[in-house]
Structures are given as structure tokens and as C-alpha cells.
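Below: the structure, in C-alpha cells.
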Amino acid sequence: MLDDFMLRATLAGLGLVLAAAPLGCFVVWRRMAYIGDATAHASILGVAIALGFSISVFASVLAVALLMAILVSTLSGRNHSTDSLLGVLSHSALAFGLVAISFIDGVRVDLMAYLFGEILAVTTMDLAAIWGGAAVILALLVWRWSLFLTSTLSPGLAYASGINPKREQLILTIALALVVAVAIKVVGVLLVTAMLIMPAAAARPFAKTPESMAFISLAIGAASVVLGLQAALIYDTPAGPTIVCVVAIFFAVASLVRLPLRSG
């Protein structure tokens, strides 16, 4: 774990967890998993644009993810149900992205890295982007925690308090887009939603307050990164999926102890 590439991988994973775990609590509470999935799938189109025009992948993915987030928040509830709209936008963006990438020479092998992550190849510049994005998201959550929480738990109380729940949801959705841009190098497009949802879901049975759930999910995510990277090194398995497998084990254990905790 003291090797340079392992140290960078660990720092990258911890940076992702710092952003994704607390935000994932709101994803779980608001049942926004499909929104996170749609935003993640749309980022493949951002990758295609970046490769085609030789621009920053992070900037391109962030721009497309933000566009998807705004589209979802704007169009939800208009003419189509939210789940149908998410399905259409998500799979359309993914399909167009994959088709566009197929026309670009020399990137077919790299596509696997964008789909499943390449955490062991993280560079110092990647670390700066990951931790910078994580710092922005964490600052946003600290700044608007009470507003997010009130609009999540009781939209009626939020309106009575002068809070606009739709505005808060839009801000959360934009934060999700930033997490996707941060996570694409670490765990890839297809696994980013798991890192948002699973630590928070695993923390839920042990939490007594919203704040404790955020801290427990952060601890579970951090432990999953460290243990997942060690397991990947020992068993020579893909690092990103292995980290998600460890989170899945935490979730399974939490599910098994949920009933005894409730009955107690």
C-alpha cells in the first residue's frame, strides 16, 4: 500500500467517498437512484465528445452530466412519468456515446476504463480534480444541509419555511453530476451509482440521526476503498469492481442485522 500507484489509488478512492457517501444519503432518502444512474450513463457521451475534440475528459463529462441533471429536473412530471423520462434519456445518451466512440480510432480499449474505472492509473492531476470536486460537494452539503434535509423529510414544512424543494432537488442533482465527473476515473460509469447508494444503504440500519448516517456511510465507503484495493492487489482482480464488491458485502451484513436491531 506504500507503492506510489497504490497510494494515489487509495487517495483517489477516499476522495470519491468523501463526495459520494454523504450525498448518497440524500439519494437514498429521496429515492433518486435512477437520476444518478441516468447522469452516470450520460457521461459516456461526454467521454466521446472529449475524445473526439481532444479536450479535457473531466470538463466534458461534467458539462454533459450537468446538462442531463438540468434536463431531468426540468422535464420531470411533464407529459411523461419520471421513470420513463429517465429511462429514455439515460439509455439514449449511453447509446449515442457508445456509437460516437466507435467512430474514433484507437479508443476502443480505453472504453473499458471509462465503463469500469481505472483507479490504479490515477495521476496527480486526477487526484487534484477528484479532491477539488469532493471539497466543493462537501462544502455545498455543509452549507445547505438543513435546507436539503427539511425539503427531503417534509416538502410541506419546507414551503412553510420559505424553502423551495424543487430548487433544492435541482442543486442536489447538479451535485450528483459533479460526483459522476469525479468518479469516472475511479470506478467508472457503470459503478458510480453503486458508490452513491450502497454505503448509505448499508449505514441506514445503524444510524439514529441523519448526520450519523452520513458519517457511518463515509466510514463504510472509506473501509471499502482500503479493503477493496488490498483484495484487488492480492487476488489480481479489477480494482473498481472489487471495491464495489466490498461495499456489497457491507450492505449484505447490514441487511442481516437489520431485523435484530429493529426488534431490539
| field | Burial ordering of Ser43, Ser154, Ser90, fewest other beta-carbon atoms within 10 Å first | value | Ser154, Ser90, Ser43
| remark: Of the range 168-201, those with amide N under 20 Å from the point 7 Å along the Cα→Cβ vector of Leu256 are 198-201
| note | Rounded to 0.05, the calculated FRET efficiency for the beta carbons of Ile104 and Ala160 at R₀ = 41 Å is 0.20
| task | Could you tell me the distance between the Cα centroids of the range 128-186 and the range 1-79, to the nearest Å? | result | 13
| note | Dividing the helical contributions, -39500 (n - 2.57) per DSSP H run of n ≥ 4, by the residues of the chain yields a 222 nm value, nearest 500 deg cm²/dmol, of -28000 deg cm²/dmol
| note | Options (i) 35, 20, 15; (ii) 28, 25, 16; (iii) 40, 31, 19 are given for semi-axes √(5λ) of the Cα gyration tensor in Å, and the computed one is (ii)
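No value in this document is a laboratory result; all are computed from the given coordinates. Keep in mind that what you see is a predicted model, and the values were worked out from it rather than measured. Note that we place each Cβ from the backbone using ideal geometry, even for glycine, and neighbour counts take in every protein chain shown.
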